[in-house]
Amino acid sequence: MAEELMQEELFEEEVESQNKQEEKDLTDAERCLTFESGGLVMYMSTSYVIEIINDHSITALPMVPHFVKGIINLRGSILPVVDIRLLMDREAEEYTSKTCIIVLNIDTVPIGIIVDKVRQVIDIDTSEVQPIPLRNRQKLCNGMITLDSGEVAMSFDAASLVQSSSTSEVV
């Protein structure tokens, strides 16, 4: 009888420990959109993402940095569009059917970013995000994580996109 009570107590402790771990997992998890650009797999919090659009006409602007592709009229709102591949000093590539614009709202600043391909929405355990080694640091990336597939994904620093002096003139 005493042994059964001990086993029951151990079981209850194990269940309580699992519940605490699940609570921790939920608090450290963040819903993120994964996408590809310039040969990198990247992710960002879905809290920035308004929508994803394909095949939208971009109006070019004169005298803007090369990575600012222009503006779009999205249901009456004018939105600047930045090709993050170019902003990260990657080679320009022709847009394909998988190329899309992710419409973001960053600190009340609406902006579109052109990416090579949108992947999926996943939960990222923010406690597992590692710093990027200094010599391999990329513009707009502030962390990295290994996905379940074994790929390394870079954390896209959306806030730095609008804080950068070169884009804030346009945005």
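The values are calculated or read from the model by the stated rules, or taken from the named source; none is laboratory data. The shown structure was predicted, so the numbers you read here are calculated from the model rather than taken from an experiment. With ideal geometry, Cβ positions are generated from the backbone for all residues, glycine too; neighbour counts draw on all protein chains shown. Note: areas computed on protein heavy atoms with side chains; ligands, DNA, RNA excluded. Shrake-Rupley method; radii C 1.70, N 1.55, O 1.52, S 1.80 Å.
Can you tell me which of (1) free of Cβ contacts under 8 Å to residues at least 12 places away in the same chain; (2) surrounded by 12 or more Cβ atoms within 10 Å (Cβ to Cβ) is the one Ser155 doesn't meet?
Answer for Ser155: the failing condition is (1).
How many residues are open to solvent by 70 Å² or more (accessible area, probe 1.4 Å) and either part of a strand (DSSP E or B) or out of contact with any strand residue (DSSP E or B) (no Cβ under 9 Å at 6 or more places or on another chain) (or both) if we restrict to the stretch 88-112? Outline the logic, then answer.
We begin by selecting, within the stretch 88-112, every residue open to solvent by 70 Å² or more (accessible area, probe 1.4 Å); these are 89-98, 107-108.
Narrowing the set further to residues that are either part of a strand (DSSP E or B) or out of contact with any strand residue (DSSP E or B) (no Cβ under 9 Å at 6 or more places or on another chain) (or both) leaves 89, 91, 93-94, 107-108.
Within the stretch 88-112, residues that are open to solvent by 70 Å² or more (accessible area, probe 1.4 Å) and either part of a strand (DSSP E or B) or out of contact with any strand residue (DSSP E or B) (no Cβ under 9 Å at 6 or more places or on another chain) (or both) number 6.
Can you tell me how many residues within the stretch 52-85 are closer than 13 Å to Pro110 by Cα and among the hydroxyl-bearing types (Ser, Thr, Tyr)?
Of the residues in the stretch 52-85, 1 are closer than 13 Å to Pro110 by Cα and among the hydroxyl-bearing types (Ser, Thr, Tyr).
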